[in-house]
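**Q** Quick one: structure below, then a few questions.
The values are calculated or read from the model by the stated rules, or taken from the named source; none is laboratory data. Since this is a predicted model, take the numbers as computed values, not measurements. Positions of Cβ are generated from backbone atoms using ideal geometry, with glycine treated the same way; all protein chains shown enter the neighbour counts.
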Amino acid sequence: MIILGIDYGSARTGVSVCDREELLASPAAVLPGRDAEKLVRDLAALAARYGAGEIVLGLPRNMDGSEGDAARRCRRLALRLAAEARLPVRLWDERLTTVMAHGALSAANVRGKKRKETVDAAAAVIILEDYLRSRKLKRATHG
């Protein structure tokens, strides 16, 4: 199944997508995030364009597992996006994904403006890859 991965941010939102076999997650887009209604429409349109059957939205938890304002905004976005896209939206713990994305971009020697433009999509890829690993493990352990 094609799945869209989303790293929702107040300034920018990164989007990733996987192939039908759920083997490879790739960056798909970085959208401006200031207008929540437009963002929901744009995300739903991307899901339709890619033929996604599900959406995974990174849930920003604090390191102790608690949820703050960002997580509440994310939960509201998930509800609106599920209604607009008419798809299930799964919330997925995204702790440290942006840090990991910065690390991956550093290893690839991506710097400056290019890094700022790609870090959100890279974080969305990490969220989706983690979710795909979990699905694969679940299938392996439950037959």
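**Q** Identify, by number, the condition in (1) within 20 Å of Ser26 (Cα to Cα); (2) touching a Phe, Trp or Tyr at 6+ places or on another chain (Cβ under 6 Å) that Cys74 doesn't meet.
**A** Just one mismatch for Cys74, condition (1).
**Q** In the range 54-82, what count of residues is obtained for those that are assigned to a strand (DSSP E or B), at pLDDT below 90 and among the small types (Gly, Ala, Ser)?
**A** Keep residues of the range 54-82 that are assigned to a strand (DSSP E or B), which gives 54-59, 61, 67.
Subset that is at pLDDT below 90: 61, 67.
Okay, now just the ones that are also among the small types (Gly, Ala, Ser), so none.
Selection size over the range 54-82: 0.
**Q** Among residues belonging to the range 1-21 that are outside any strand (DSSP E or B) and of a type outside the set (D, E, K, R), point out the one that is nearest to Arg76 (Cα to Cα).
**A** As a first pass, look at the range 1-21 and keep what is outside any strand (DSSP E or B): 1-2, 8-11, 19-21.
Those still in the list that are of a type outside the set (D, E, K, R) too: 1-2, 8-11.
On the way: Met1: 25, Ile2: 23, Tyr8: 11, Gly9: 13, Ser10: 13, Ala11: 17 Å.
By that ranking, first place goes to Tyr8.
**Q** Among what's in the range 94-132 and is surrounded by 12 or more Cβ atoms within 10 Å (Cβ to Cβ) and among the basic types (Lys, Arg), pick the residue that is modelled with the highest pLDDT. Steps first, please.
**A** Of the range 94-132, the ones surrounded by 12 or more Cβ atoms within 10 Å (Cβ to Cβ) are 94-98, 100-105, 110, 115-132.
Filter once more, so that each one left must be among the basic types (Lys, Arg): 95, 115-116.
On the way: Arg95: 69, Arg115: 48, Lys116: 57.
The extreme case among them is Arg95.
**Q** Any residue in the range 13-20 that is buried (at least 18 other Cβ atoms within 10 Å of the Cβ), in contact with a Lys or Arg (Cβ under 7 Å, 6 or more places away or on another chain) and within 17 Å of Ile127 (Cβ to Cβ)? Let's see the steps before the verdict.
**A** Keep residues of the range 13-20 that are buried (at least 18 other Cβ atoms within 10 Å of the Cβ), which gives 13-18.
Filter once more, so that each one left must be in contact with a Lys or Arg (Cβ under 7 Å, 6 or more places away or on another chain): none.
No; the residues of the range 13-20 include none that is buried (at least 18 other Cβ atoms within 10 Å of the Cβ), in contact with a Lys or Arg (Cβ under 7 Å, 6 or more places away or on another chain) and within 17 Å of Ile127 (Cβ to Cβ).
**Q** Could I ask something else about it? Can you report the number of residues in the range 23-41 which are of a type outside the set (Gly, Ala, Ser) and surrounded by fewer than 18 Cβ atoms within 10 Å (Cβ to Cβ)?
**A** Filtering the range 23-41 down to residues of a type outside the set (Gly, Ala, Ser) leaves 23-24, 27, 30-32, 34-35, 37-41.
From the residues that got through so far, the ones that are surrounded by fewer than 18 Cβ atoms within 10 Å (Cβ to Cβ) too are 23-24, 32, 34-35, 37-38, 41.
Number of matching residues: 8.
**Q** Are any of the residues in the range 22-34 small (Gly, Ala, Ser) and more than 19 Å from Leu77 (Cβ to Cβ)?
**A** Filtering the range 22-34 for residues small (Gly, Ala, Ser) gives 25-26, 28-29, 33.
Applying the additional criterion that residues be more than 19 Å from Leu77 (Cβ to Cβ) yields 25-26.
Within the range 22-34, one or more residues are small (Gly, Ala, Ser) and more than 19 Å from Leu77 (Cβ to Cβ).
Here's the yes/no breakdown for (1) modelled with pLDDT of 95 or more; (2) in contact with a strand residue (DSSP E or B) (Cβ under 8 Å, 6 or more places away or on another chain); (3) of a type outside the set (A, V, I, L, M, F, W, C); (4) under 14 Å from Leu57 (Cα atoms):
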| site | (1), (2), (3), (4) |
| --- | --- |
| Leu4 | yes, yes, no, yes |
| Tyr8 | no, yes, yes, yes |
| Ser16 | yes, yes, yes, yes |
| Leu23 | no, no, no, no |
| Asp35 | no, no, yes, no |
| Ala45 | yes, no, no, no |
